[in-house]
Amino acid sequence: MKKEEILSKLLVLASQKGLRSLSMSEIASAAGLKKSSLYSHFESKQDLINELYLFLRKRSNTKAFVDYSSYVKGKDLREIFLSVAISYDEMNRKPEMKTFYKVIISEKVLSKDAASVIIKETETMLNATRALFKAIEDNKIAFFKDFDIAALTFALLIHSALDLRLDAEMAESNIADGILEKVIDGFINSYVKEKNCGKNI
């Protein structure tokens, strides 16, 4: 059995039973494998969960790092921020990713494995944000007050805003209407010290 098939089986099993209570024996059984065969593919349950996360990201056609220098050209700052946030949101809304995050978020307080995935995702998002901000400054589209704090703040703000949008949709509330635009405009006003008003060509 291919690794991808095992990971797909894990996602189904985790959505039914949760991650914390799952053993490698149960995962192997669900995949129709001996436990020893499962360990030939994955060193541990944490390794399996990390591989599932990377597998789903890849299947969503989303890269952790892109050529931001090319990406930002021809766009103004607000347009760049909105397009990045919307792309991230679209990835997380894909059915398999939604199932995965539902499992991870519901267990992160009780499960070290789940919490580790959240940390990994946050680190990935922060690294991508730093790369984006560097491309913005290199292309002289804008310059930031305290680069590292600005990148951290932007990543956490966007993550929180997208979470609120999903919660509001589920609750049929309008509390998150226009939230991305409001957050991005507030961030630009607070953390951008110099901005090229036109598009960088």
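The length gained by stretching the chain between ASP177 and VAL109 to full extension, at 0.36 nm per residue less their Cα-Cα distance, is 21.6 nm. Summed over qualifying helices (DSSP H, 4 residues or more, each -39500 (n - 2.57)) and divided by its residue number, the chain shows a 222 nm mean residue ellipticity of -23000 deg cm²/dmol. Scaled to the globular estimate 2.2 N^0.38 Å, the Cα spread of region 49-151, given as radius of gyration, is 1.19. What residues of region 111-133 lie in the reach of a label at SER70, counting those whose backbone N is under 16 Å from a point 7 Å from the Cα along Cα→Cβ? Counting backbone N atoms under 16 Å from the label point, the list is 132. With r as the distance between the Cβ atoms of ASN50 and SER87 and R0 = 35 Å, compute the FRET efficiency 1/(1 + (r/R0)^6) and round to 0.05. Calculated value: 0.95.
Modelled spin-label separation between ASP185 and LYS102, with each label point placed 7 Å from Cα along the Cα-to-Cβ direction: 3.5 nm.
The GluC sites (Glu not before Pro) found in region 115-201 that occupy coil by DSSP, while having at most 12 further C-beta atoms within 10 Å, are GLU172. Between the Cα long axis of helix 77-93 and the first principal axis of the chain there is an angle of about 10°, rounded to the nearest 10.
A short reminder: the numbers here are calculations on the coordinates, not readings from a lab. Quick caveat: nothing in here was measured; it's all calculated off a predicted structure. With ideal geometry, Cβ positions are generated from the backbone for all residues, glycine too; neighbour counts draw on all protein chains shown.
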